[in-house]
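Values in this text are rule-based calculations from the coordinates and carry no lab data. Keep in mind that this is a model prediction, so the values were computed, not measured. Note that each Cβ is placed from the backbone with ideal geometry, even for glycine, and that neighbours are counted across all protein chains shown.
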Amino acid sequence: MLHKPVARSVVILACLLTLTGSVSIGREAALLAYDDDPRLAALQEFFESFDSPAGELSEHFLAAADRHGLDWRLLPCISIIESGGGKACVNNNILGWNSCRRRFPSAQAGIETVASRLANSNLYKGKDLEEKLQTYNPHPGYPVRVMTLMRQLRPGQTSASMPD
């Protein structure tokens, strides 16, 4: 027979394992919701056209944008400009946040953090797209580069029909 403190620990551990499993399943189900979304195929093809490893993160880009009310094309296009879509990624920082000095535990965590900041930080909140991009990277021409890529990324458009 287990002592009460040991039994309580076993029950708590079992609850935590169950909760962790259900959270993980919930995340997986949320990502599966994008299987029939035309943006997913467009995004995967977009990354493929740049020979970018970020195609594997397409669902995460979509989910983060949807959660934070951002244009779904914004984060993927920033990733192409900042790291070649993960080719030159440092510290799991695929979006070049804080000049790549910020370390993230995973690329997904970086995507979520940047999406949240772009939507909620006082530095970005209430700004239009061009103003957000100018704040994100004050280099002249940065907003135009990102917005040009964004215009190329549309559901149903094949890479053969994408403008140069």
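At an R0 of 22 angstrom, the distance between the Cβ atoms of HIS139 and ARG67 translates into a FRET efficiency of 0.20.
Counting only aspartates and glutamates at least 8 places from LYS127 when in the same chain, those with an alpha carbon closer than 17 Å to its own are ASP71.
Per residue, the Cα convex hull of the range 44-149 amounts to 89 Å³. Extension gain, ASN122 to ASN92, is 8.4 nm, computed as 0.36 nm per intervening residue step minus the present C-alpha separation.
Couplings for the range 128-135, taken from phi via the Karplus curve 6.51 cos²θ - 1.76 cosθ + 1.60 with θ = phi - 60°, read 6, 4, 4, 5, 4, 5, 5, 6 Hz in order; Gly and Pro are left as x.
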